[in-house]
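**Q** What follows is a structure written as structure tokens; I'll ask about it next.
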Amino acid sequence: MAHASSSGDLRMQFEGHVGPVTCLLIGGTHDDRKMLFSGSVDTTVKCWDLFSGDVIASLEGHRGPVWALTQKSTSLFSCSEDRTIRHWCQRRLVQLQSFTGHSRAVTLILGLDNPSGVILCTGSLDATVRLWYEDGTSRFTLSHHEDGISCMIEAAEDNLLVGSQDGKITHWNLQTGKLRSCLQHDDWVTCLLEALGSWWSGSRDSSIKRWNPADGSLLATLRGHNLGVNTLLYFSGSILSGSADRTVKQWHPVDEAVVASIEGLSGVSSLLELPRGIFRTVNRGEASLLPKPRITLSEVASNTEGLSSPPRTSIFFSDDQIVKADRFEDGRDTQDCLISIDTIPWERLSQGDMPPPHVAGASAKISAGATAQGATGGCRTSILKCSVANPVGKV
């Protein structure tokens, strides 16, 4: 389903897959129609008319579940359990080529802007990361991890950060393919963020760590969650984290203390900033729109001067399970729109975390679903004062 983010009005439903939907991507245009792409356990990538909800095409070629999507210019790329990356033409909606090289499922894919001509970065359960040219040849294979890759981020100054199920974060130079440093958590690294001149990482060990990009040294360890951290978000000078312990926490960027905490009924799988609030999706139950947290800008101004590079984030569980369409037209008006997977299609681990796609048994609704209703009010100081029992907006 798709809802207008300002009013919550139902716009349409997208139905057509015969298996759980795993990823979403707002694409380019085809015959002057704005497209939405969705990948599924049913092995297909479907192309939808974003405004009418009609299926434009079903892209077939993978022999296993499709786990992630990305795009470069007029090209669409998908990665799959079948160990391949498929290159599709968005204009003609046909397959152009297949990239091979990984020995296990490819679960992550990242489009790069790199002067060397490398356009893609893929992460696999074979514990390697590969960098690809557009013609399908591999430039580098980055091998240092001992378990599957769980998240990746292209950081500033040609740096690549890679998180793994082995608890390590590796720091690579994209130009040379050389390992620059190796950072450590006690359990799976689940999310990465670049903000406030630092690198931030969340882990299933329930901690958030702040790192110095210059030398990889540990600056701080933030503790407050009782279970794994699933998602990180930079917002207005503070860091927000969502956890399997059912809470969203707001952290002060200077003293790394918890400013506010809000609890729900299920583990938090992703957070997304919207003009009217923070959209939160959960492992079970309804998504909701929380009022924006507030923090006094003077408190962070002196500590963030010169550190204004745009935040970059990577979340293994939720990066492409929710997308924002900048404009949504239905013949009557034009509004912002959110589209998300209706229900996360797999069971959780005993800790409450969401397991990687390859280990999970799919058991959920199969349509792409949508998200948020606009906020009608907000807290003056923080998200702490907002009751989850009566959230500002719901799907």
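A quick yes/no check of all residues on (1) farther than 23 Å from Ile149 by Cα; (2) crowded, with 24+ Cβ neighbours inside 10 Å:
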position: Leu193; (1), (2): no, yes
position: Arg223; (1), (2): yes, no
position: Ile262; (1), (2): yes, yes
position: Pro293; (1), (2): yes, yes
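To keep it simple, each residue is scored yes or no on (1) within 21 Å of Asp187 (Cβ to Cβ); (2) free of Cβ contacts under 8 Å to residues at least 60 places away in the same chain; (3) assigned to a loop (DSSP other than H, G, I, E, B).
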residue: Asp113; (1), (2), (3): no, yes, yes
residue: Cys151; (1), (2), (3): yes, no, no
residue: Val162; (1), (2), (3): yes, yes, no
residue: Thr176; (1), (2), (3): no, yes, yes
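**Q** What is the residue count in the range 63-91 for residues that are part of a loop (DSSP other than H, G, I, E, B), closer than 22 Å to Phe14 by Cβ and modelled with pLDDT under 95?
**A** So the count comes out to 2.
**Q** Also, I was wondering about something else. Report, by residue number, each residue of the range 135-149 that is closer than 16 Å to Phe77 by Cβ and either free of Cβ contacts under 8 Å to residues at least 40 places away in the same chain or among the hydroxyl-bearing types (Ser, Thr, Tyr) (or both).
**A** Those that are closer than 16 Å to Phe77 by Cβ and either free of Cβ contacts under 8 Å to residues at least 40 places away in the same chain or among the hydroxyl-bearing types (Ser, Thr, Tyr) (or both): Asp135, Thr137, Ser138, Arg139.
**Q** Something else about it: What number goes with the only condition from (1) among the aromatic types (Phe, Trp, Tyr); (2) over 23 Å from Gly148 (Cα atoms); (3) in contact with a Ser or Thr (Cβ under 9 Å, 6 or more places away or on another chain) that Trp211 does not pass?
**A** Of the numbered conditions (1) among the aromatic types (Phe, Trp, Tyr); (2) over 23 Å from Gly148 (Cα atoms); (3) in contact with a Ser or Thr (Cβ under 9 Å, 6 or more places away or on another chain), the odd one out for Trp211 is (2).
**Q** Can you tell me which residue in the range 234-247 is farthest from the chain's Cα centre (by Cα), limited to those that are crowded, with 24+ Cβ neighbours inside 10 Å and part of a strand (DSSP E or B)?
**A** Ile239
**Q** Against the conditions (1) assigned to a strand (DSSP E or B); (2) in contact with a Gly (Cβ under 7 Å, 6 or more places away or on another chain); (3) of a type outside the set (Val, Ile, Thr), where does Ala220 fall short? Just the number, please.
**A** Only one criterion in (1) assigned to a strand (DSSP E or B); (2) in contact with a Gly (Cβ under 7 Å, 6 or more places away or on another chain); (3) of a type outside the set (Val, Ile, Thr) is unmet by Ala220, namely (2).
**Q** Okay, next question. Within the range 178-202, count every residue that is among the charged types (D, E, K, R), part of a loop (DSSP other than H, G, I, E, B) and either within 21 Å of the chain's Cα centre (by Cα) or closer than 16 Å to Thr221 by Cα (or both).
**A** 2
**Q** For the range 92-107, which positions are outside any loop (DSSP other than H, G, I, E, B), surrounded by fewer than 21 Cβ atoms within 10 Å (Cβ to Cβ) and among the aliphatic types (A, V, I, L, M)?
**A** Val94, Leu96 - these are the residues of the range 92-107 that are outside any loop (DSSP other than H, G, I, E, B), surrounded by fewer than 21 Cβ atoms within 10 Å (Cβ to Cβ) and among the aliphatic types (A, V, I, L, M).
**Q** Also: Just the residues that are among the acidic types (Asp, Glu) and buried (at least 19 other Cβ atoms within 10 Å of the Cβ), please, taken from the range 14-57. First the steps, then the outcome.
**A** Here is the first cut: in the range 14-57, the ones among the acidic types (Asp, Glu) are 15, 31-32, 42, 49, 54.
Selection gives Asp42 alone.
**Q** State all residues of the range 247-259 that are in contact (Cβ under 8 Å) with a residue 24 or more places away in the chain and within 17 Å of Leu227 (Cα to Cα); if no residue qualifies, say none.
**A** Matches in the range 247-259: Val248, Lys249, Gln250, Trp251, Val258.
**Q** Now for a different question. Within the range 26-62, track down each residue that is in contact (Cβ under 8 Å) with a residue 24 or more places away in the chain, assigned to a strand (DSSP E or B) and in contact with an Asp or Glu (Cβ under 6 Å, 6 or more places away or on another chain).
**A** Hit for the range 26-62 is Ile56, nothing else.
**Q** So, one more: Restricting the search to the range 164-174, which residues are in contact (Cβ under 8 Å) with a residue 24 or more places away in the chain and either part of a strand (DSSP E or B) or in contact with a helix residue (DSSP H, G or I) (Cβ under 7 Å, 6 or more places away or on another chain) (or both)?
**A** Matches in the range 164-174: Ser164, Lys168, Ile169, Thr170, His171, Trp172.
The values are calculated or read from the model by the stated rules, or taken from the named source; none is laboratory data. The structure displayed is predicted, hence computed values, not measured ones. Cβ: placed from backbone, ideal geometry, glycine included. Neighbour counts: every protein chain shown.
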